[in-house]
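*Asks:* Structure below; questions to follow.
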Amino acid sequence: MHESLNNLISIKKEINNKNSNTQIIAVSKTFPASQIAPLIDYGHIHYGENKVQESLEKWTELKKRNDQIKLHMIGKLQTNKVKFAVDIFDYIHSVDNLKLAKKISDETKKRDKIIKVFIQVNIGNEFQKSGVQIDNLNSFFEECKQFENLDIRGLMCLPPINENSDVYFQKMNTLSKQLNLPELSMGMSQDYLSAASNNASFVRIGTKIFGKRN
Ligand SMILES: *Cc1c(COP(=O)(O)O)cnc(C)c1O
């Protein structure tokens with residue numbers, strides 16, 4: 001069996017022991033279609049990318065051949081790329097400003113489609129990080145709700161690196177419940193089990209499935 005598929009299957013088992021509602025987004029950024037194919041053939045549905053151009057090149061054909069696939073934009077998204085992003089992505093996890101939210105809404109309306117989005121939260125309150133500040137989250141959420149064709153699924157975070165993520169994931173779970181949101185996007189190769197224990201709906205795993213990126 002292909003190594004990436006082996007990795008995916010064992011991670012899935014581990015996660016299911018913690019939380020059977022947690023789904024895996026296989027983060028395939030930098031890896032070619034040939035390395036993703038075994039997972040698609042196996043029937044895995046959710047994939048994550050962080051660049052619009054790379055995603056269009058890689059996924060246009062793959063999605064044509066398999067209409068079950070759901071593609072998740074997990075990286076920073078510039079407003080001038082939104083018109084391309086809404087054609088290829090089913091979910092956008094990095095909504096953290098109103099200009100971006102409005103642009104996504106405008107472009108999806110033009111195409112008469114609805115896109116699922118996550119609001120990125122700067123959960124560690126780090127000055128260099130993207131994401132809405134916790135203090136502004138309620139008002140940001142209320143304003144986002146005004147935009148048509150945005151299906152706000154939940155919150156997303158990237159906790160501070162080199163710290164124990166557990167406390168941040170607990171905070172995210174609390175915020176998500178306060179806002180009554182159905183889904184939660186958190187956890188990567190280093191901390192997906194903690195995320196699953198804290199109610200993550202989606203963990204985003206790259207390295208542990210596909211290996212190290214260049
Ligand atoms: C690359 C990336 C991941 C996956 O990271 P790994 O450590 O390789 O699992 C998850 N989330 C985001 C936002 C990423 O950019």
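The values are calculated or read from the model by the stated rules, or taken from the named source; none is laboratory data. Note that the structure is predicted; figures quoted are calculated from it, not measured. Here Cβ is always computed from backbone atoms with ideal geometry, including for glycine, and neighbour counts include all displayed protein chains. Quick note on the areas: whole protein, heavy atoms, side chains included, nothing else; ligands and nucleic acids left out. Shrake-Rupley method; radii C 1.70, N 1.55, O 1.52, S 1.80 Å.
*Asks:* Leaving ligands, DNA and RNA out of it, report the carbon-plus-sulfur percent of the accessible area of region 134-189 at a 1.4 Å probe.
*Replies:* Roughly 43 percent of what the probe reaches on region 134-189 is carbon or sulfur.
*Asks:* Still on this structure, please answer the following. In whole Hz and in residue order, list the ³J(HN,Hα) couplings for region 19-34 that follow from phi through the Karplus curve 6.51 cos²θ - 1.76 cosθ + 1.60, θ = phi - 60°; x for Gly and Pro.
*Replies:* 7, 6, 8, 7, 9, 9, 8, 7, 7, 9, 3, 6, 8, x, 3, 4
*Asks:* Quick query: amide H of Val27 versus all other amide H atoms, modeled in the peptide plane; which residues come in under 5 Å with a sequence gap of 5 or more or a different chain?
*Replies:* Excluding prolines and chain starts, which carry no amide H, the hits are Gly48, Ile205, Gly206.
*Asks:* Calculate I(q)/I(0) for the chain by the Debye formula, one identical point scatterer on each C-alpha and no solvent, and give its log10 at q = 0.14, 0.15, 0.16 Å⁻¹ to two decimals.
*Replies:* Cα-only, vacuum Debye calculation for the chain: -0.83, -0.96, -1.09.
*Asks:* Now for a separate question. Step through the residues of region 170-183 one at a time and calculate ³J(HN,Hα) from phi using the Karplus curve (6.51 cos²θ - 1.76 cosθ + 1.60, θ = phi - 60°), rounding each to whole Hz and writing x for Gly and Pro.
*Replies:* 4, 4, 4, 4, 5, 4, 4, 5, 4, 8, 6, 8, x, 10
*Asks:* Let me ask you something else. Per residue of region 91-108, in order, report the coupling 6.51 cos²θ - 1.76 cosθ + 1.60 (Karplus, θ = phi - 60°) as ³J(HN,Hα) in whole Hz, putting x for Gly and Pro.
*Replies:* Running phi through 6.51 cos²θ - 1.76 cosθ + 1.60 with θ = phi - 60° gives 10, 10, 8, 10, 7, 9, 8, 5, 4, 5, 4, 5, 5, 4, 4, 4, 6, 6 Hz.
*Asks:* While we're on this one: Using a Gaussian network model on the chain with a 10 Å cutoff between Cα atoms, which of Tyr42, Tyr192, Tyr168 fluctuates the most?
*Replies:* Tyr42
*Asks:* Points 7 angstrom from Cα along the Cβ direction at Asp106 and Lys76: gap in nanometres?
*Replies:* 2.1
*Asks:* Based on the Cβ-Cβ distance of Asp67 and Gln178, what FRET efficiency does E = 1/(1 + (r/R0)^6) give at R0 = 41 Å, to the nearest 0.05? Before the final figure, lay out each step's value.
*Replies:* Values: r = 36 Å, r/R0 = 0.87.
The calculated FRET efficiency here is 0.70.
*Asks:* Another question, then. Could you tell me which of rounded, prolate or oblate describes region 17-97, using a ≥ b ≥ c as the square roots of the eigenvalues of the alpha-carbon gyration tensor, with rounded for a/c under 1.5 and, failing that, prolate when a/b is larger than b/c and oblate otherwise? Display every interim value, and only then the final one.
*Replies:* Values: a/c = 1.96, a/b = 1.23, b/c = 1.60.
Oblate, because a/c is 1.5 or more while a/b does not exceed b/c.
*Asks:* Counting only helical runs of four or more DSSP H residues, what would the 222 nm mean residue ellipticity of the chain come to if each run contributes -39,500 (n - 2.57) and the total is spread over all its residues? Write out the running numbers ahead of the final one.
*Replies:* On the way: 9 runs with 93 residues, N = 214.
Taking each H run of at least 4 residues, the total per residue is -13000 deg cm²/dmol.
*Asks:* Let me ask something else about it. With a cut-off of 12 Å, note down the residues of region 91-125 whose backbone N falls inside the zone around a label point 7 Å from the Cα of Gln133 toward its beta carbon.
*Replies:* 122, 125
*Asks:* Mind listing the long-range amide H neighbours of Leu184? Cut-off is under 5 Å, sequence gap 5 or more, other chains count too, H placed in the peptide plane at 1.01 Å from N.
*Replies:* Residues meeting the criterion, in which the H sits 1.01 Å from N, are Ser201, Phe202.
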